[in-house]
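Peer 1: Starting off with a structure, shown below.
The values are calculated or read from the model by the stated rules, or taken from the named source; none is laboratory data. Nothing here was measured: the structure is a model prediction, and the numbers come from that model. No Cβ is skipped: glycine too gets one built from the backbone with ideal geometry, and neighbour counts run over all protein chains shown. Protein only, heavy atoms only, side chains kept; ligands, DNA and RNA dropped before computing areas. Shrake-Rupley method; radii C 1.70, N 1.55, O 1.52, S 1.80 Å.
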Amino acid sequence: MQLRQLTLWSAAGWIAGTGLALAQGQTLTIATVNNADMIIMQRLSPKWEQATGNKLNWVVLEENVLRQRATTDIATKGGQFDIITIGSYEAPIWGKQNWLVTLDDLGADYDYADIIPSVKNGLSYNGKLYAVPFYAESSFTFYRKDLFDQAGIKMPAKPTYDQIAEYAAKLTDKSKEQYGFCQRGKPGWGENMAFIGPMVNAFGGRWFNEKWEPQLTTEPWKNAINYYVKNIREYGPPGATANGHNENRALFATGHCAMWVDATSAAGYIYNPKESQVADKTAFTAAPVQVTSNGSGWFWAWSLGIPASSKKVDAAKSFVKWATSKDYVTLVGNEAGWVAAPPGTRKSTYDNPEYQKAAPFAKVVYDAVVNADLTKPTKDPVPYIGIQYVAIPEFQGIGTAVGQQIAAALAGQTTVEQALETAQRSTERTMKQAGYPK
């Protein structure tokens, strides 16, 4: 009871700190993604509702669907959502279009200086903040230390993709539904391409050369995608084209994967014994490299933004302040366990001894997020920023179209070479129509 009262009082304090004349009894519609951290936010949000007298109408969507719905609504000024979950790709692009409310005015107690600079910069345009970070992530390699020990394999600090394939061959036992190479296969610019983009970077590839000419039929792309298709087919689970982040996380957490390269934010779930059957059997190392380490680990920040079309901006600001504050991190630590605290956004989280004790991955994640360089994502020079995405409005369509071609190759509906030829032609058309180079 005492904790509940403190939570309500704290919520009221955060709200007062915004300086907003907060209306009572409003219902906000929030669109978010169906991953573990956002589900915790949904579960804890009644504390904000009780403190403010407002209500939240949750629209919880699969990642690809969320991106599509949010983009359509904000581009058409549909006004369907008061709060949207977006990332470091959308925030600066949409901010430039004046589609989002600026969020620089949440009060001194919000402590903007506590936000990790690379994260804040990734959500800003022209020095203005257009979304506030709920959690941020890079990528690294989860692996089953018990299976590695049994096989007499030592995971290097910086494995190559060739080494990952070698280990996957040794650790796959399909009779036990144990797979060495669990990776995203579900098509989408933020699904399979979130893994494939950094993998292509590691193989020495890039989306565009300095003249904005697509590079999808170059040797690095061919080498990377042939590697990906071969190893998922031979050492991955069946039906891989249906597996995105959530599906692979479930496979790993239930003991079906020896290795999984994915978001560092998933560590809070994999290391949580309440959620994962392999919490005490998992170790981690860097995302794999190949011919270069540039752009081999991605950068992303799931964040909360407010569409300019919302008619309930003050109440929406109150919620996004609450859900991304230092006090919210503490609330999650107390209620869901410190291992589940939202990672990657605030320096104070990583200074907290309770989080350090609960999260063996803390320093690796912090270093990866702090040092992420979106301006140098590839071995060769490029005209764009972004590691697993290209920060131009056209990339949503391009990335999804390319992801669909690669998924078709993985499913055996076309060859890798044909898939990349088709992807190259469609990307060239899109870029020409958009007027590149600009």
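Peer 1: Taking springs between alpha-carbon atoms closer than 10 angstrom, which of Thr218, Thr349, Thr241 fluctuates most in the Gaussian network model of the chain?
Peer 2: Top of the fluctuation ranking is Thr218.
Peer 1: Pop out the carbon and sulfur fraction of the accessible area of the stretch 215-372 as a percent, whole number, probe 1.4 Å. It would help to have the intermediate numbers written out before the result.
Peer 2: Values: 2620 of 5300 Å².
Carbon and sulfur atoms account for 49 percent of the accessible area of the stretch 215-372.
Peer 1: Now for a separate question. Calculate one ³J(HN,Hα) per residue across the stretch 271-278 by plugging θ = phi - 60° into the Karplus curve 6.51 cos²θ - 1.76 cosθ + 1.60, and present them in order as whole Hz with x for glycine and proline.
Peer 2: Residue by residue, the stretch 271-278 yields 8, 9, x, 6, 10, 10, 7, 10 Hz.
Peer 1: May I ask you to derive the relative contact order of the chain, considering only C-alpha pairs under 8 Å and at least 6 residues apart, and to give it as an integer percent? Before the final figure, lay out each step's value.
Peer 2: Details: 840 pairs, mean separation 106.4, N = 438.
That works out to 24 percent.
Peer 1: Now for a separate question. Could you tell me the distance between the Cα centroids of the stretch 64-113 and the stretch 252-327, to the nearest Å?
Peer 2: Between the Cα centres of the stretch 64-113 and the stretch 252-327 lies a distance of 19 Å.
Peer 1: Would you work out the charge dipole size for the stretch 234-313 about its Cα centre, treating the Cβ of every Lys and Arg as +1 and the Cβ of every Asp and Glu as -1, and quote it to the nearest 20 debye?
Peer 2: On the way: 5 positive and 5 negative charges, 88 e Å.
Roughly 420 debye, rounded to the nearest 20.
Peer 1: Most fluctuating residue of Gly399, Gly185, Gly79 in a GNM of the chain with Cα springs under 10 Å: which is it?
Peer 2: Gly79
Peer 1: Between Asp351 and Thr375, what is the FRET efficiency for a Förster distance of 22 Å, r being their Cβ-Cβ separation, to the nearest 0.05? Display every interim value, and only then the final one.
Peer 2: Values: r = 27 Å, r/R0 = 1.25.
Efficiency, rounded to the nearest 0.05: 0.20.
Peer 1: Please identify, among Gly205, Gly239, Gly333, the residue showing maximal mean-square fluctuation in a Gaussian network model of the chain using a 10 angstrom Cα cutoff.
Peer 2: Greatest mean-square fluctuation among the candidates belongs to Gly239.
Peer 1: Within 10 Å, count the other beta carbons around each residue, average over each peptide in 124-137, 25-38, 80-93, and list them highest first. Could the numbers behind the result be given before it?
Peer 2: Numbers: 124-137: 21.8, 25-38: 19.3, 80-93: 23.7.
Listed from highest to lowest mean packing, they are 80-93, 124-137, 25-38.
Peer 1: For the stretch 91-149, what is Rg from Cα atoms divided by 2.2 N^0.38 Å, rounded to two decimals? Walk me through the intermediate numbers first.
Peer 2: Values: Rg = 16.7 Å, N = 59, 2.2 N^0.38 = 10.4 Å.
Working it through for the stretch 91-149, the quotient is 1.61.
Peer 1: Next up: Viscosity 1.567 mPa s, temperature 4 °C: Stokes-Einstein D of the stretch 244-285 from its Kirkwood Cα radius, in µm² per second? Numbers along the way, then the final one.
Peer 2: Numbers: Rh = 10.1 Å.
In µm²/s, the coefficient rounds to 129.
Peer 1: Run the helix sum for the chain: -39,500 (n - 2.57) per DSSP H stretch of 4+ residues, divided by residue count, reported at 222 nm to the nearest 500 deg cm²/dmol. The partial results should precede the final answer.
Peer 2: Details: 19 runs with 194 residues, N = 438.
When only DSSP H runs of four or more count, the value is -13000 deg cm²/dmol.
Peer 1: I need the Debye-formula profile for the stretch 109-183: one equal scatterer per C-alpha, no solvent, reported as log10 I(q)/I(0) at q = 0.22, 0.23 1/Å, two decimals.
Peer 2: Values returned for q = 0.22, 0.23 Å⁻¹ are -0.96, -1.03.
Peer 1: How much of the accessible area of the stretch 377-436, probe 1.4 Å, is carbon plus sulfur, in whole percent?
Peer 2: Values: 1210 of 2550 Å².
Accessible surface attributable to carbon and sulfur in the stretch 377-436 totals 48 percent.
Peer 1: Now, a different point. Can you give the Kirkwood hydrodynamic radius for the stretch 30-134, in Å, rounded to one decimal and based on Cα pairs?
Peer 2: On the way: mean 1/r = 0.0673 Å⁻¹.
Result for the stretch 30-134, one decimal place: 14.9 Å.
Peer 1: Something else now. Which value, in Å², gives the accessible area per residue of the chain when a 1.4 Å probe is used on the protein heavy atoms?
Peer 2: Per residue, the chain has an accessible area of 39 Å².
Peer 1: Something else about it: Tell me the label only: which of (1) 11; (2) 27; (3) 18 is percent of Cα pairs over 43 Å apart as calculated from this structure?
Peer 2: This structure yields the entry labelled (1).
Peer 1: Now for a separate question. Defining a contact as two alpha carbons under 8 Å apart and six or more residues distant in sequence, what relative contact order in percent does the stretch 148-273 show? Walk me through the intermediate numbers first.
Peer 2: On the way: 142 pairs, mean separation 41.2, N = 126.
It comes to 33 percent, rounded to a whole number.
Peer 1: Moving to a separate point now. Just want the answer: with Cβ charges of +1 for Lys and Arg and -1 for Asp and Glu, which residue in Tyr384, Ser265, Val364 is farthest toward the dipole's positive end in the stretch 264-384?
Peer 2: Tyr384
Peer 1: OK, next. Given the Cα atoms of the stretch 115-241, and with Rh set as the inverse mean 1/r over their pairs in the Kirkwood sense, what is Rg to Rh to two decimals?
Peer 2: Numbers: Rg = 17.8 Å, Rh = 17.1 Å.
Looking at the stretch 115-241, the ratio lands at 1.04.
Peer 1: Then there's this: Quick one: with all protein chains in place, what share of the accessible area of the stretch 54-167 is carbon or sulfur, to the nearest percent (1.4 Å probe)? Intermediate values should be presented prior to the final figure.
Peer 2: Details: 2170 of 4590 Å².
Taking all protein chains in place, the stretch 54-167 shows 47 percent carbon and sulfur surface.
Peer 1: Another question about this same structure. Going by amide H atoms built from the backbone, whose H comes under 5 Å of the H on Cys257, apart from near neighbours?
Peer 2: The answer is Tyr179.
Peer 1: Here is a further query. Taking a virtual spin label 7 Å from the Cα of Lys230 along the C-beta vector, which residues in the stretch 367-409 bring their backbone nitrogen under 17 Å of it?
Peer 2: 409
Peer 1: Between the stretch 172-225 and the stretch 368-383, how far is it from one alpha carbon centroid to the other, in angstrom?
Peer 2: Going from one Cα centre to the other spans 17 Å.
Peer 1: Taking just the alpha carbons, could you work out the radius of gyration and Dmax for the stretch 291-438, both in angstroms?
Peer 2: Every Cα atom of the stretch 291-438 included, Rg and Dmax give 20.4, 53 Å.
Peer 1: What shape does the stretch 275-325 have by the C-alpha gyration tensor, where a ≥ b ≥ c are the square roots of the eigenvalues, rounded means a/c under 1.5, and otherwise prolate means a/b greater than b/c and oblate the rest?
Peer 2: On the way: a/c = 4.87, a/b = 1.87, b/c = 2.60.
Because a/c hits 1.5 or more and a/b fails to exceed b/c, the stretch 275-325 counts as oblate.
Peer 1: Return the Cα extents of the stretch 217-311 along principal axes one, two and three, sorted largest first, each rounded to a whole Å.
Peer 2: So the three principal-axis extents are 50, 37, 27 Å.
Peer 1: Evaluate the charge dipole of the chain about its Cα centre and quote only its size in Debye, nearest 20, assuming +1 on the Cβ of each Lys and Arg and -1 on the Cβ of each Asp and Glu.
Peer 2: Working: 42 positive and 40 negative charges, 55 e Å.
The dipole of the chain has a size of about 260 debye.
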